[in-house]
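The structure appears right after this line, and notes come after that.
The values are calculated or read from the model by the stated rules, or taken from the named source; none is laboratory data. All values reported here derive from a predicted model rather than from experimental measurement. Cβ placement follows ideal geometry from the backbone for every residue including glycine, while neighbour counts extend to all protein chains displayed.
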Amino acid sequence: KKVTRYERQVARGGLAVRPVVEVEMVFGVAIIGTGAMGLEHMRNLKLLEDCRVAAVVDTDLNARNEAKEIIDQDAVVTTDYQALATMEAVDAIIIATPNYTHIEVLRALIPCGKHILVEKPMCTTVEDSLEVEELVEKHMPPEKGLVFWVGMEYRYMPPVARLLEHTDSGAIGRLIMVHIREHRFPFLLKVADWNRFSQFTGGTLVEKCCHFWDLMRRIIGDGANIPERVFASGGMDINHKHEKYSVQGEMRTPDIVDNAYAIVDFASGVRGCLDLCMFAEDRQHEEVLVVGSQGKVTAETPACTVTLHHPSQRASGDEPSNPRIPPLPDQYEKNTAVEKVGVDEKLLEAGFHEGATFFELKDFIETAKARKPPVVTAQDGTYAVAMGVAAELSLKERRMVEISEVMEAARARRAGAAASRNAAEASAAAAAGPTTKRQKTGTA
């Protein structure tokens with residue numbers, strides 16, 4: 001938005017009009033959900049130019065009070081997210097509420113004409129994700145210039161972004177394998193303990209790992225990143241086994257996976273591997289390794305390093321000159337470059353993702369202002385959920401699961417629900433029909 005003031009000058013032959021000053025309007029962002037991720041968004045938005053937090057929404061008083069310590073005094077603080085639809089000061093809405101509430105909020109706000117960023121996972125089920133895709137297609141088509149974006153900030157971690165430059169440029173040749181490892185501490189507690197139960201999160205392989213499914217697809221690239229099948233093995237072996245929480249009036253033990261391996265086959269022939277452990281380290285340690293026909297690139301956090309290696313015999317695609325002789329002791333070092341990717345201290349202080357949230361928000365807002373297509377689409381969000389759902393099912397049933405299976409099952413459930421609604425509406429109409437007729441006859 002731009003507002004330009006004009007000054008009119010009387011000149012020979014008529015009026016001359018020239019701009020005096022051009023003022024860039026501040027881009028207003030509303031945040032629904034002021035828990036850990038919502039607060040991280042607020043802190044990072046304050047570091048961006050020409051934007052501000054115009055409103056925050058949360059039903060929890062303590063969460064609203066925490067938000068007030070960060071945002072401007074004139075920002076709106078409310079418990080009603082639907083009020084955002086008509087706020088002129090709000091250009092974009094960030095949804096950072098508990099996973100299971102996303103679908104309800106999206107149903108209400110996708111039609112409102114604002115740009116939207118919804119935190120991962122987009123939804124907790126594939127059927128809800130497909131519904132969101134339809135809503136976006138209907139209410140936010142490209143010609144309207146509205147941006148719908150799924151928050152996948154791992155794409156924006158500086159070392160991962162650097163790795164993507166290498167894979168996108170073809171520096172390691174044709175991609176063959178993508179391996180992602182996260183070893184970390186257990187999930188932190190959330191308000192009302194919602195993140196301890198799969199019915200509210202979608203399960204660990206949806207809630208946590210949607211980042212990694214999305215990152216695999218982003219690394220592999222459009223046209224080659226359609227997942228076909230998943231095989232997962234894991235369980236709940238250490239964390240939360242002796243905890244109990246009240247769920248709908250009943251005391252229950254958490255049921256979320258705390259460690260897993262998963263293998264993904266993509267239609268292009270690329271293979272992905274996920275290694276997750278939620279009790280391995282007193283830090284959040286990620287490694288992304290990509291192997292191609294001519295080399296390997298690795299990104300690591302929190303070390304923020306990127307390692308690029310080109311094996312001698314593969315640098316030009318050639319076979320080893322003598323397959324009976326192993327590489328020399330210093331050959332790896334000679335063919336390896338290690339890069340330290342720096343992150344501004346202000347960005348490290350503003351969040352927990354090596355500055356990724358700042359860069360994601362910057363990209364989102366610039367895209368929204370320019371009314372360009374989103375970088376992370378609703379379809380990307382659906383694929384990430386579907387891969388997680390397939391992995392959870394594979395783990396439970398100890399079998400390979402086709403992505404088509406979970407997609408078709410979700411479409412069938414949606415069709416069944418629609419048929420039930422139509423039948424109920426028809427039944428209600430039939431029951432109301434005679435009553436309406438008698439009322440009209442009596443009046444006559």
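Quick grid of which residues meet (1) farther than 28 Å from Val147 by Cβ; (2) crowded, with 24+ Cβ neighbours inside 10 Å:
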{"residue": "Pro329", "(1), (2)": "yes, no"}
{"residue": "Glu339", "(1), (2)": "yes, no"}
{"residue": "Leu347", "(1), (2)": "no, no"}
{"residue": "Lys362", "(1), (2)": "no, no"}
{"residue": "Pro374", "(1), (2)": "no, no"}
{"residue": "Gly381", "(1), (2)": "no, yes"}
{"residue": "Val385", "(1), (2)": "no, yes"}
{"residue": "Ala391", "(1), (2)": "yes, yes"}
Return the only residue of Ala54, Ala85, Ala67 being assigned to a helix (DSSP H, G or I) and over 30 Å from Phe197 (Cα atoms).
Ala85
Are there strands (runs of 3 or more DSSP E) fully within the stretch 219-279 with at least 1 residues that are in contact (Cβ under 8 Å) with a residue 24 or more places away in the chain and touching a helix residue (DSSP H, G or I) at 6+ places or on another chain (Cβ under 6 Å)? List them.
227-235, 245-247, 259-266, 271-277
Conditions (1) modelled with pLDDT of 85 or more; (2) out of contact with any His (no Cβ under 9 Å at 6 or more places or on another chain): number failed by Asp318
(1)
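So which residues in the stretch 280-294 are under 22 Å from the mean Cα position of the chain (by Cα) and not in a loop (DSSP other than H, G, I, E, B), if there are any at all?
Residues of the stretch 280-294 that are under 22 Å from the mean Cα position of the chain (by Cα), as a first pass: 283-290.
Scanning the stretch 280-294 gives His285, Glu286, Glu287, Val288, Leu289, Val290.
Of all residues in the stretch 88-122 being part of a helix (DSSP H, G or I) and among the polar types (S, T, N, Q), which is nearest to the chain's Cα centre (by Cα)?
Going residue by residue through the stretch 88-122, those that are part of a helix (DSSP H, G or I) are 99-112.
If we keep only those that are among the polar types (S, T, N, Q) too, we end up with 99, 101.
Working: Asn99: 11, Thr101: 15 Å.
Restricting to residues being part of a helix (DSSP H, G or I) and among the polar types (S, T, N, Q), the top hit is Asn99.
When the residues of the stretch 298-315 are filtered to those that are modelled with pLDDT of 80 or more and over 28 Å from Glu349 (Cα atoms), which remaining residue is surrounded by the most Cβ atoms within 10 Å (Cβ to Cβ)?
Filtering the stretch 298-315 for residues modelled with pLDDT of 80 or more gives 298-312.
The next check asks that each one be over 28 Å from Glu349 (Cα atoms); those that pass are 308-312.
Numbers: Leu308: 18, His309: 17, His310: 20, Pro311: 15, Ser312: 15.
Per the stated criteria, the residue is His310.
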Test: residue in the stretch 383-396 that is outside the structural domain of Ile263 (by TED's automatic domain parsing), acidic (Asp, Glu) and not in a loop (DSSP other than H, G, I, E, B)
no
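Do you know which of the residues in the stretch 321-340 that are of a type in the set (D, E, K, R) and either assigned to a loop (DSSP other than H, G, I, E, B) or within 17 Å of Gly295 (Cα to Cα) (or both) is modelled with the lowest pLDDT?
Applying the first criterion (of a type in the set (D, E, K, R)) to the stretch 321-340 yields 324, 330, 333-334, 339-340.
Checking the rest, the ones that are also either assigned to a loop (DSSP other than H, G, I, E, B) or within 17 Å of Gly295 (Cα to Cα) (or both) come to 324, 330, 333-334, 339.
Working: Arg324: 75, Asp330: 90, Glu333: 94, Lys334: 93, Glu339: 98.
That would be Arg324.
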Tell me the residue from Ala350, Ala356, Ala370, Ala337 that is without any contact (Cβ under 8 Å) to a residue 60 or more places away in the chain and not assigned by TED's automatic domain parsing to the domain that holds Ser198, please.
Ala370
Which residue pairs have Cβ atoms under 6 Å apart, sit 6 or more places apart or on different chains, and have a first residue in the stretch 174-185 that is under 21 Å from Asn259 (Cβ atoms) and a second that is buried (at least 22 other Cβ atoms within 10 Å of the Cβ) and among the hydrophobic types (A, V, I, L, M, F, W, C)?
Val178/Met216; Val178/Ile219; Val178/Val290; Ile180/Phe212; Ile180/Leu274; Ile180/Val288; Glu182/Leu276
Just one of (1) touching a Leu at 6+ places or on another chain (Cβ under 7 Å); (2) in contact (Cβ under 8 Å) with a residue 60 or more places away in the chain; (3) aliphatic (A, V, I, L, M) trips up Ala386, so point out which.
(1)
